[in-house]
Ligand SMILES: CC(C)(COP(=O)(O)OP(=O)(O)OC[C@H]1O[C@@H](n2cnc3c(N)ncnc32)[C@H](O)[C@@H]1OP(=O)(O)O)[C@@H](O)C(=O)NCCC(=O)NCCS
């Protein structure tokens, strides 16, 4: 992901989820030096992911696939790429947080070998002024 991709990424993300990252979130991630990835198919943006590395741990901050490209294995491919890159740079553990209600993402992560290692109570804002728990998942890349 480069600066010039940000408008396209933010538009894709806004359609992908009700709790989308803004353009600024992605810009800040690039500026911070996080690993920011795009997946394209015939030039069209399919998905995006951002990973923060801290020593030998990596944190998957976001992954999303455009609505029109879902259920074709692209998130699984993107995760495989992130894991391969994590191995190359010496990451020992890859963590992520996911909304407890996000069944699609939880199913994806489980099929990709992530295991639940914790739960953060009321971690995320939810519609109607409510809060929602986060599951903390981990895998060895
Ligand atoms: C979660 C998300 C990234 C999955 O992307 P995707 O490209 O459709 O996922 P894949 O096609 O690679 O699916 C891989 C596996 O994940 C599981 N899965 C994916 N979407 C699912 C769904 N809607 N319901 C149940 N299982 C699902 C399945 O096990 C699937 O394998 P299968 O298709 O062989 O059954 C996508 O739904 C998305 O962008 N959601 C909004 C953003 C989001 O919630 N990101 C995660 C934040 S932690």
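Among the DSSP beta bridges whose two residues both lie in the stretch 3-139, what percent are antiparallel, rounded to the nearest 5? Display every interim value, and only then the final one.
Working: 29 of 33 bridges.
Counting only bridges with both partners in the stretch 3-139, antiparallel ones make up about 90 percent.
Counting other beta carbons within 10 Å of each Cβ, put 59, 81 in order, fewest first.
Ascending Cβ contact count within 10 Å gives the list 81, 59.
Protection proxy ranking of 13-24, 41-52, 111-122, by the mean of other Cβ atoms within 10 Å over each peptide's residues and highest first, is 41-52, 13-24, 111-122. Separation of the stretch 28-106 from the stretch 119-138 is 20 Å, based on Cα centroids.
Using only Cα coordinates, the Kirkwood hydrodynamic radius of the stretch 3-139 works out to 15.5 Å.
Bear in mind that the values in this text are calculations on the coordinates, not laboratory data. Remember, predicted model here, so these are calculated numbers, not experimental data. All Cβ positions, even for glycine, are placed from backbone atoms using ideal geometry, and neighbour counts span all protein chains on display.
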